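The values are calculated or read from the model by the stated rules, or taken from the named source; none is laboratory data. Everything quoted here is computed from the prediction, not taken from an experiment. All Cβ positions, glycine included, derive from the backbone under ideal geometry; neighbour counts span all protein chains shown.
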């Protein structure tokens with residue numbers, strides 16, 4: 001086998017592997033397993049969404065953090081708790097948008113990914129509670 005034929009064979013194997021990966025991904029999306037999307041909103045957009053109403057506001061921080069201050073009307077469902085998804089599926093309506101936030105935005109992105117994968121329409125506050133310039137309750 002010449003060097004050229006060998007390189008061609010390697011290239012064909014890589015192309016076949018790539019195509020198989022793409023096809024598997026497409027099949028996954030068709031079966032619903034790629035529903036892992038959400039929007040990250042800045043303060044102004046998040047505030048506008050809350051003002052429109054009909055949104056489920058979820059603070060995904062710990063109960064201790066929540067008690068120190070939160071966005072009014074938020075419910076606390078701790079993303080780090082073992083029962084996070086059970087509580088969400090039991091307490092939240094999949095037909096309504098879920099708006100999530102945490103302290104800085106990291107945990108809310110984790111929560112948003114999990115919720116969107118479970119079929120919820122999700123938005124999250126980019127920058128979290130520390131960047132929130134709207135109304136707050138508690139001691140902050």
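Does segment 60-75 contain at least one residue that is assigned to a strand (DSSP E or B), touching a strand residue (DSSP E or B) at 6+ places or on another chain (Cβ under 7 Å) and within 16 Å of residue 128 (Cα to Cα)?
First pass over segment 60-75, keeping only residues assigned to a strand (DSSP E or B): 70, 75.
Right, trim to touching a strand residue (DSSP E or B) at 6+ places or on another chain (Cβ under 7 Å) and you get 70, 75.
Still in the list and also within 16 Å of residue 128 (Cα to Cα): 70, 75.
Yes.
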Members of segment 22-55 found to be modelled with pLDDT of 95 or more and either on the phi > 0 side of the Ramachandran plot or within 14 Å of the chain's Cα centre (by Cα) (or both), listed by number
38, 39, 40, 41
Taking into account only those residues within segment 90-120 that are free of Cβ contacts under 8 Å to residues at least 40 places away in the same chain and part of a loop (DSSP other than H, G, I, E, B), which is farthest from residue 80 (Cα to Cα)?
95
Within segment 110-119, tally of residues that are surrounded by 19 or more Cβ atoms within 10 Å (Cβ to Cβ) and over 13 Å from residue 60 (Cβ atoms):
1
Spot the failing condition for residue 107; the list is (1) surrounded by fewer than 14 Cβ atoms within 10 Å (Cβ to Cβ); (2) out of contact with any strand residue (DSSP E or B) (no Cβ under 7 Å at 6 or more places or on another chain); (3) at pLDDT 95 or above, and only one is missed.
(1)
Hey, does segment 121-128 have a residue that's surrounded by fewer than 18 Cβ atoms within 10 Å (Cβ to Cβ), over 16 Å from residue 37 (Cα atoms) and over 13 Å from the mean Cα position of the chain (by Cα)?
no
